[in-house]
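**Q** One structure coming up, written as structure tokens, with questions to follow.
The values are calculated or read from the model by the stated rules, or taken from the named source; none is laboratory data. Keep in mind the model is a prediction, meaning the values are calculated, not measured. Because the Cβ atoms are built from the backbone with ideal geometry, glycine has one as well, and the counts that use them run over all protein chains shown.
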Amino acid sequence: MGSQQDSEYYDNMWKQSGYEKEAENLRWFPVWQSVTDAIMRKLVVRQSTVRIIDLGCGPGHIAEVLNKTTGLPFSYIGYDFSSVAIKMAQEKHIGDRFKFKEADLSEYDFHESEKKDEDVIYVSVEFLEHVEFDREVIEKLKSGRSVFFSLPNFDDPGHVRFFAGEKEIRERYEDLLDIHSVTVMSDGYRFVIDSKRK
């Protein structure tokens, strides 16, 4: 496992990676689809418009999948500290209800994104393994909010940590989150977690 990379590392990664392709043409699409399906199940039972807050949104792939797979009422805001990723997300032009903002999540107060009494779902896909302040991000989230996130079981130059299995995930986050389920993706390399902030 390595140390946390800076925004320049990710700016360069997004520029060179081929991530400008549509979400369904990338190998992480099953993870994005799994998270989106879980969000849709939550949206169906809620009466009001939900705000989806995407922590570490990258170039907007979760937003792209959400836009194509649901007609349910929600608004969306995605945050990332890579200016290149945010520019790529904005260039997708996927609709007025999708907003993207450059922000350092180690310092950002997510409550600024929430309106009073607003129903919020947090999403964090391909993010928490990349930062040293993963627990600090979760600590900032309001109690009772749904949190969907993914984690890897393999190392990578951009990973601060990875997880061998559900036990390690629970050991790291269970004091902060009620973890409802940990699903191993079909490729065997990713876990998708459905949880709620304690």
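**Q** Have a look at Ile62, Ile94, Ile121 and point out the one that is among the β-branched types (Val, Ile, Thr) and within 25 Å of Asp175 (Cα to Cα).
**A** Answer to the check: Ile121.
**Q** Also: Of the conditions (1) more than 19 Å from Arg41 (Cβ to Cβ); (2) touching a strand residue (DSSP E or B) at 6+ places or on another chain (Cβ under 7 Å); (3) of a type outside the set (A, V, I, L, M), Asp104 fails just one. Which one is it?
**A** (2)
**Q** If I filter region 66-88 down to residues being more than 19 Å from Asp6 (Cα to Cα) and under 14 Å from the mean Cα position of the chain (by Cα), which single residue comes out as surrounded by the fewest Cβ atoms within 10 Å (Cβ to Cβ)?
**A** Ile77
**Q** Those residues that are surrounded by fewer than 20 Cβ atoms within 10 Å (Cβ to Cβ) and more than 17 Å from Asp119 (Cα to Cα), I need them from region 35-63; list them, please.
**A** Passing the criteria: only Asp37.
**Q** Moving to a separate point now. Quick check on my filter: what residues within region 22-57 are modelled with pLDDT under 80, in contact with a Phe, Trp or Tyr (Cβ under 8 Å, 6 or more places away or on another chain), of a type outside the set (S, T, N, Q) and not in a helix (DSSP H, G or I)?
**A** Once the filter is applied, which keeps residues that are modelled with pLDDT under 80, in contact with a Phe, Trp or Tyr (Cβ under 8 Å, 6 or more places away or on another chain), of a type outside the set (S, T, N, Q) and not in a helix (DSSP H, G or I), region 22-57 yields only Leu26.
**Q** I've got another one for you. Is there any pair linking a residue in region 183-198 that is on the phi > 0 side of the Ramachandran plot to one that is of a type in the set (S, T, N, Q), with Cβ under 8 Å and at least six apart or on different chains, and which?
**A** Gly188/Asn153
**Q** Let me ask you something else. Quick one: in region 144-159, which of the residues that are at pLDDT below 90 and not acidic (Asp, Glu) is nearest to Trp28 (Cα to Cα)?
**A** Top of the filtered list is Gly158.
**Q** OK, next. Need at least 1 residues that are out of contact with any strand residue (DSSP E or B) (no Cβ under 8 Å at 6 or more places or on another chain) and buried (at least 16 other Cβ atoms within 10 Å of the Cβ) per element, so show me which strands (runs of 3 or more DSSP E) inside region 134-198 make the cut, counting only ones lying wholly within it.
**A** none
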